[in-house]
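What follows is a set of notes on a single structure, which appears directly below.
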Amino acid sequence: MIVMKFGGTSVESQEAIARVTAIVQAREHYRPVVVVSAMGKTTNKLLEAAREAATGHRDGALALVDEMRGHHLTHGLSLAGAFAAELDRYIRAHFEWLDELIKGLSVVGELSPRSMDAVASVGERLSSLILSFAFRAAGMRAQHVDSRRVLFTDDAFTQAQPLFEETYMQLRDTVRPAAQQSVVVMGGFIGATLGGQTTTLGRGGSDFSAAIIGAGIDADEIQIWTDVDGMLTADPRIIPGGHRVKSISFEEAAEMAYFGAKVLHPATLLPAIERNIPVLILNSRRPDVEGTRITFHALPCRNPVKSISCKRNITILNIGSTRMLLAHGFMRRIFEIFDRYRTSIDMVSTSEVSVSLTLDNRENVDLICRELREFSQVSMEDGHAIVCLVGEKIRHTPGIAGRAFQVLEKKNIRMISQGASLLNLGFVVAEADLRETVAALHAEFFSDLDPAVFD
Ligand code: ADP
Ligand code: ASP
Ligand code: MG
């Protein structure tokens, strides 16, 4: 049994859905459970419609819904064959429900996290239905399972945490037996509380759903099908020309995901690691490319650095102790405040009199700063980026930092950190310097490649 997860671009259009259908059909004998994201850009549009409605732009919101309805009908129905009439009814019913919800939001003039999840969930509910019908029309035995009856979460709407015990039990008792009979198709990203309220796992969360489902059905493999050939040595949106990494360890991949490699949602690997299930990154446009294989132990690699990940839109907070020295308990007070606001810190560096740290979530930053100022001086700098070298051999290879600094000689590096795991070396630079920084580091560390590991 395997899990095959397809991201938004992999199901964005009728052509894309046809490609996915062929890919799954060729692997039907592995008994796949297919996990799918909303059709490309749908989640953004749904949330935009919700916001428009709640801020009094009812007609604009309904027009957006109409546009999505048209897209889903056009692209969804064209592959449903004899099932088109049935699917048409389902799609229209979902959009009628959405119309009512949007009208309701415009009356109330308020958008709660719970309503956001109700609206956002429509994308995956529809894409999974559409895919299940396309599979059936292509002659496969396929069955749609509503993820909200399987993937249980707490009620932290928009960022819900899975209730693993309940979810794994349901997966084992219902989804695993169903997948013995037919291809199961489920929406990623969405779940429900035990009381039945719809939740989502946070943006990009379909990867996480795939891993949870993989762990729960005890899959032999979790395949993440996306729009790139695998994990690359650099983020292709920052610099082109990165090389495919064929084999990478769970630890390395987790570090890459955490430091911005969008190709994998950061929480994805935990369930896979716990049950030791290999994760593959594959390209739905080029299914013959072997992709990236993520396992406990990666292939031995001559190159110390496996990839460079980056995270943009980073804010630095400099927190100075008002006393001359960092008094006992200073750090604890700082971290307690971030903890209370559920705001995570990516990087920290300290000197005798100050602490600098980076954030990518500015939601509560004003409140946090107000509390910090009660016992310290705080300054904030926006517009930064983290650049992170990742590779298990970094810890055993002397001179990596030296080489990096030489390359970055003329750049203003704002912060440096090497994680306790010693498999990353991170720098904070101005966002304006990001591209050049990555290009320079890439040229330094990837000019001579180990062919066993890189393409
Ligand atoms: P999906 O919709 O399939 O989940 P995402 O857009 O979430 O796809 O993730 C795939 C994207 O991740 C790629 O198109 C690429 O731009 C980006 N990405 C960032 N860093 C990397 C990297 N190191 N290797 C591969 N892709 C990366
Ligand atoms: N559709 C959701 C999003 O756009 C989840 C996902 O694609 O992973 O964030
Ligand atoms: Mg994604």
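FYI, it's all coordinate maths here, none of it is from the lab. Everything quoted here is computed from the prediction, not taken from an experiment. All Cβ positions, even for glycine, are placed from backbone atoms using ideal geometry, and neighbour counts span all protein chains on display.
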- Report, to the nearest 10°, how far helix 84-108 tilts away from the longest principal axis of the Cα atoms in the chain, using its own Cα long axis and a range of 0 to 90°. 50 degrees
- Task: Could you run the Debye sum over the Cα atoms of the stretch 191-241, one equal point scatterer each and no solvent, and tell me log10 of I(q)/I(0) at q = 0.26, 0.28, 0.29, 0.31 Å⁻¹, two decimals?
- Result: -1.05, -1.09, -1.11, -1.14
- Any chance you could list the semi-axes, whole Å, largest first, of the equivalent ellipsoid that the Cα gyration tensor gives for the stretch 1-80, using √(5λ)? 31, 14, 7
- Message: Can you compute the radius of gyration and Dmax for the chain, using only the Cα atoms, both in Å?
- Response: 23.3, 76
- Task: Over the alpha-carbon set of the stretch 1-153, work out the extent along each principal axis and list the three values in angstrom, largest first.
- Result: 50, 32, 23
- Message: Taking the beta-carbon count within 10 Å as an exposure proxy, list S349, S284 from fewest neighbours to most.
- Response: S349, S284
- What nm distance separates the two modelled labels at R373 and M331, each placed 7 Å from Cα along Cα→Cβ? 2.7 nm
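For the stretch 76-149, state which trypsin sites (Lys or Arg not before Pro) are in a DSSP loop and have at most 14 other beta carbons lying within 10 Å of their beta carbon.
Working: sites: R89, R92, K103, R114, R125, R136, R141, R148, R149; in loops: R141.
Within the stretch 76-149, the qualifying trypsin sites (Lys or Arg not before Pro) (loop, at most 14 other Cβ atoms within 10 Å) are R141.
So if I place +1 on the C-beta of Lys and Arg and -1 on the C-beta of Asp and Glu, and nothing else carries charge, what would the dipole magnitude of the stretch 277-407 be about its Cα centre? I want it in debye, nearest 20. Can you show the working numbers first?
Working: 18 positive and 14 negative charges, 92 e Å.
Dipole size: approximately 440 debye.
Multiply the residue gap between S421 and R203 by 0.36 nm, knock off their C-alpha separation, and tell me the result in nm, one decimal place. Before the final figure, lay out each step's value.
On the way: separation 218, 0.36 × 218 = 78.48 nm, distance 2.67 nm.
Result for the pair: 75.8 nm of gain on full extension.
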- Charge dipole (the chain, unit charges on Cβ, about Cα centre) - positive-most of I277, I413, A118: I277
- Message: Could you check the spin-label model distance between A22 and A93? Points 7 Å from the Cα along Cα→Cβ, value in nm.
- Response: 3.3 nm
- Taking H as built 1.01 Å from N, whose amide H comes closer than 5 Å to the amide H of M4, not counting residues under 5 places away? V33, V34, V35, Q223
- Message: I'd like the Karplus ³J(HN,Hα) series for the stretch 400-414: coefficients 6.51, -1.76, 1.60, θ = phi - 60°, whole numbers in Hz, and an x wherever there's a Gly or Pro.
- Response: 5, 4, x, 4, 5, 5, 4, 5, 9, 2, 8, 8, 8, 8, 7
- Message: How big is the dipole moment of the stretch 1-134 about its Cα centre under a simple scheme where the beta carbon of each Lys and Arg is +1, that of each Asp and Glu is -1, and everything else is neutral? Debye, nearest 20, please.
- Response: 400 debye
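Rounded to the nearest angstrom and ordered from largest down, what semi-axes does the equivalent ellipsoid of the stretch 162-227 get from its C-alpha gyration tensor (root of 5λ)? Walk me through the numbers before you get to the answer.
Numbers: eigenvalues 66, 56, 22 Å².
Computed over the stretch 162-227, the values are 18, 17, 10 Å.
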- Item | trypsin sites (Lys or Arg not before Pro) lying in DSSP loop within the stretch 379-452, provided at most 14 other Cβ fall within 10 Å | K410
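With n ≥ 4 as the cut-off for DSSP H runs, can you work out [θ] at 222 nm for the chain, using -39500 (n - 2.57) per run divided by the number of residues, rounded to the nearest 500?
Values: 14 runs with 173 residues, N = 455.
Helices in the chain give a 222 nm mean residue ellipticity of -12000 deg cm²/dmol.
Provide Y341, Y90 in ascending order of the number of other Cβ atoms located within 10 Å of each residue's Cβ, fewest first.
Values: Y341 15, Y90 18.
Going from sparsest to densest Cβ surroundings: Y341, Y90.
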- Go through the stretch 280-353 and name the trypsin sites (Lys or Arg not before Pro) that are in a DSSP coil and have 11 or fewer other Cβ atoms within 10 Å of their Cβ. R323, R342
- Item | Quotient of C-alpha Rg and 2.2 N^0.38 Å, computed over the stretch 180-315 | 1.09
- Can you list residues whose amide H is under 5 Å from S247's amide H, if they're 5+ apart or on another chain and H is modeled 1.01 Å from N? R293
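Give the calculated FRET efficiency between K41 and R302 to the nearest 0.05, with a Förster radius of 35 Å applied to their Cβ-Cβ distance. The partial results should precede the final answer.
Working: r = 41 Å, r/R0 = 1.16.
Computed FRET efficiency for K41 and R302: 0.30.
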- Task: On a 0 to 90° scale, report how tilted helix 58-77 is relative to the longest principal axis of the chain, with both axes built from alpha carbons and the result rounded to the nearest 10.
- Result: 70 degrees
- Karplus-derived 3J(HN,Hα), 6.51/-1.76/1.60, for each residue of the stretch 131-138, Hz, glycine and proline x: 5, 5, 6, 4, 5, 5, 5, 7
- Task: Pop the C-beta distance of R275 and Q180 into the FRET formula with R0 = 22 Å and round what comes out to the nearest 0.05.
- Result: 0.70
- Query: Quick one: Karplus J couplings for the stretch 441-451, per residue in order, coefficients 6.51, -1.76, 1.60, θ = phi - 60°, nearest Hz, x for Gly and Pro?
  - Reply: 5, 5, 5, 5, 9, 10, 7, 10, 9, 6, x
- So, in nm, how far is label E48 from label A401 when the simple model puts each one 7 Å beyond its Cα toward the Cβ? 4.5 nm
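Take the Cα pairs of the stretch 94-227, get the Kirkwood Rh, then feed it into Stokes-Einstein at 25 °C and 0.890 mPa s and tell me D in µm²/s.
Details: Rh = 15.5 Å.
Taking Rh from Cα pairs, D becomes 159 µm²/s.
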- Note on the structure: the stretch 285-373: Kirkwood hydrodynamic radius (Cα pairs, Å) comes out at 16.4 Å
- Once the Cα atoms of the stretch 345-429 are picked out, what are the Rg and Dmax in Å? 15.0, 44
- Note on the structure: The long-range amide H neighbours of V183, using H built 1.01 Å from N in the peptide plane and a cut-off of under 5 Å, are R141, A142, Q143
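Rank these for me by crowding, D288, D88, D117, going from fewest to most other beta carbons within 10 Å.
On the way: D288 7, D88 14, D117 25.
The order, fewest Cβ neighbours first, is D288, D88, D117.
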- Item | Listed residues C369, G402, F427: farthest to the positive end of the dipole of the chain (Cβ charges) | G402
- Item | Distance between the stretch 1-70 and the stretch 138-180 - C-alpha centres, whole angstrom | 18 Å
- Global form of the stretch 120-176, assessed from the alpha-carbon gyration tensor, a/c cut-off 1.5: oblate
- Note on the structure: From the Cα centre of the stretch 384-455 to that of the stretch 214-258, the distance in Å is 18 Å
